[in-house]
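Novice: Below are the structure tokens for one structure; questions will follow.
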Amino acid sequence: MSADRVLLIDDEMEFVEVLAERLRARGLEVEVAFSGMDGVKKSQATKFDAVVLDFAMPGMDGIHALKALLAGTPELPVILLTGQATIKTAMDATRLGAVEILEKPTDITTLMEKIREARTRHGVRAAERVRRQMQETR
Amino acid sequence: MAETLSENHICEQEVLYFSRVLSGQCHEMANALNIARELCGLHEDIFPRAREGHADAVEKLGSLAHRMQTQIDRCHAIVRTLGHFAHSADGTRLGCDVREIVERALFFAARQVRLRQAELQAVVPAGDVQLVECNPFLLQQAIHAGTELLLEGIGQSRRITVGLTPETAGAVVTLASADPFVCNDAAPALLAEITATVQAAGGELRETPESGGGLKFFIPYCRRGLTSADSELGIPKGTGGGCDVS
């Protein structure tokens, strides 16, 4: 089984780089993006098993990035990792399709669990889509 | 032209500015602490290998200490600046160092500017302390509002320059964008607020971006003598461009 491929999107470069290093040490393949726009471009170019996305970023913020990420790949599991978690943020993000909202700081073990859960969910969603497409073509 | 704003409105704007600064700096500090936390985690991850004597792990531990120090320094700078900011609301008007006030206002405005994908360039030359007579809190608020105004009408260069120039009777704070200012719906209200805030601070708005040259605030030098209470606050005697300090 191949390693989970994860995209981290956060404008705090030092934060992203350290977190990426810690996730890599736990067996994940990690790519980083320092802006919402950069993250969306990377997700269009590469297939990821999960995206970990910050909320407050210059230019394209987390909510807009979430919309753009899911517009291209609706099954992509996106975990919102934010220091600005409010009920409204959580509701907006959930409504738009985020699979999880985590508040910074989050324990690395919890983040790993959520990424694995997201990958499983991704697999289930993808299988459902294939099944639906097969039913439609019959 | 700027309309007259009520005192109540100015008070509301003061509270709003105070809360904006606090919330922005809370986020900045949380960012630094989140990084420090991850660095501690990385330290935990690496430590077992370093203890076994792996050279790469030992080397990495050394660099981690430096990276943690950077985040601690970042938090210290925020706490120190916020402390001075909180005291700037105490009401001291005599013998305020205008350079300190401008630098503090820019420190807080930096986050907003960065989130708006713009760049803030400060041209605040080092030199003699310039003691002015003003309400430091309101001057910071006016500089912040000036930055907001320019961000609303900023062009392609996305650069705002803030300068401080000594004149015979006072100091002039200049805020300008690299491109010609583009007037928009929000500009008149913001300009009215800036005019009222600069006046309440004890200064004068000399130029507006509508005239093509950015914003210019004139703040008069401190002409009156400092009281012993002011001296206890650490205001240096015998310094200040054009300042008559007895």
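Novice: Give me the lysines in straight-line cross-link reach of A:Lys41: C-alpha distance below 22 Å, same-chain residues under 8 apart excluded.
Specialist: Partners within reach: A:Lys67.
Novice: Which one of B:Ala145, B:Ala77, B:Ala65 has the biggest mean-square fluctuation once chain B is modelled by GNM with Cα springs under 10 Å?
Specialist: Maximum among the listed residues: B:Ala65.
Novice: Moving to a separate point now. How big, on average over all directions, is the shadow cast by the Cα convex hull of the protein assembly as shown, in nm²?
Specialist: Answer in nm², one decimal: 25.1.
Novice: Name the residues whose placed amide hydrogens come within less than 5 Å of the amide hydrogen of A:Val30, ignoring near sequence neighbours (fewer than 5 apart) on the same chain.
Specialist: For A:Val30, the qualifying residues are A:Val6.
Novice: Okay, moving on. Between the DSSP loop rule and a limit of at most 11 other Cβ atoms within 10 Å, which trypsin sites (Lys or Arg not before Pro) in the stretch A:1-80 are left?
Specialist: A:Lys47
Novice: Taking each residue in B:38-45, count the Cβ atoms of any other chain within 10 Å of its Cβ, then average. What number comes out?
Specialist: Counting other chains' Cβ atoms within 10 Å and averaging over B:38-45 gives 5.
Novice: Still on this structure, please answer the following. In 10 Å bins starting at zero, report the fraction of Cα pairs in the stretch B:7-87 per bin as a rounded %.
Specialist: 17, 32, 22, 15, 9, 4, 1
Novice: Distance from the Cα centre of the stretch B:138-157 to that of the stretch B:32-91, in angstrom?
Specialist: First find each Cα centre; the distance between them is then 32 Å.
Novice: Could you give me the ³J(HN,Hα) list for the stretch B:40-57, computed from phi with Karplus coefficients 6.51, -1.76, 1.60 and θ = phi - 60°, whole Hz, x at Gly and Pro?
Specialist: 4, x, 5, 4, 4, 5, 7, 3, x, 6, 5, 5, 7, x, 5, 4, 5, 5
Novice: Take chain A, connect every pair of alpha-carbon atoms lying under 10 Å apart with a spring to form a Gaussian network, then pick out the residue of A:Pro74, A:Pro105, A:Pro58 with the largest mean-square fluctuation.
Specialist: A:Pro105
Novice: May I pose another question? What is chain A by shape, rounded, prolate or oblate, if you read a ≥ b ≥ c off the alpha carbon gyration tensor as root eigenvalues and call it rounded for a/c under 1.5, prolate for a/b larger than b/c, and oblate otherwise?
Specialist: Here chain A falls in the prolate category.
Novice: As a test of understanding, state the convex hull volume per residue of the stretch B:96-232 from its alpha carbons, in Å³.
Specialist: 103 Å³
Novice: Please give me, ordered by residue number, the chymotrypsin sites (Phe, Trp or Tyr not before Pro) of the stretch A:24-109 that lie in loop per DSSP and have at most 14 other Cβ atoms within 10 Å.
Specialist: Filter output for the stretch A:24-109: empty list.
Novice: Right, next: Mind listing the phi-derived Karplus ³J(HN,Hα) values for the stretch B:137-152, rounded to whole Hz, using 6.51, -1.76 and 1.60 with θ = phi - 60°, and x for any glycine or proline?
Specialist: 4, 5, 5, 4, 4, 5, 5, 4, 5, x, 4, 4, 4, 5, 4, 5
Novice: I would also like to ask the following. Please compute the average number of Cβ atoms from other chains found within 10 Å of each residue's Cβ in peptide A:54-65.
Specialist: Average neighbour count from other chains, rounded to a whole number: 2.
Novice: When only Cα pairs under 8 Å and 6 or more residues apart are kept, what is the percent relative contact order across chain A?
Specialist: Once normalised by length, the contact order is 21 percent.
Novice: Follow-up. Can you list the GluC sites (Glu not before Pro) in the stretch B:139-204 that are in a DSSP coil and have 16 or fewer other beta carbons within 10 angstrom?
Specialist: B:Glu167
Novice: Amide H to amide H, which residues 5 or more places from B:Leu164 or on other chains are under 5 Å from it, using H placed in the peptide plane?
Specialist: HN-HN under 5 Å from B:Leu164: B:Val123, B:Thr174.
Novice: Next question. For Cα pairs less than 8 Å apart in space and 6+ apart in sequence, what is the mean separation divided by the residue count of the stretch B:7-87, i.e. the relative contact order in percent?
Specialist: 34 percent
Novice: At 222 nm, what helix-only mean residue ellipticity would chain B give, in deg cm²/dmol to the nearest 500, using -39500 (n - 2.57) for each DSSP H run of four or more?
Specialist: -19000 deg cm²/dmol
Novice: May I pose another question? Could you give me the ³J(HN,Hα) list for the stretch B:103-109, computed from phi with Karplus coefficients 6.51, -1.76, 1.60 and θ = phi - 60°, whole Hz, x at Gly and Pro?
Specialist: Per-residue couplings from phi come out as 4, 5, 4, 6, 4, 6, 6 Hz.
Novice: For chain B, just list the percent of Cα-Cα distances falling in each 10 Å bin from zero outward, please.
Specialist: Percent of pairs per bin, in order: 7, 27, 30, 19, 10, 6, 2, 0.
Bear in mind that the values in this text are calculations on the coordinates, not laboratory data. Note that the structure is a prediction, hence the values are computed from the model and not measured. Cβ: placed from backbone, ideal geometry, glycine included. Neighbour counts: every protein chain shown.
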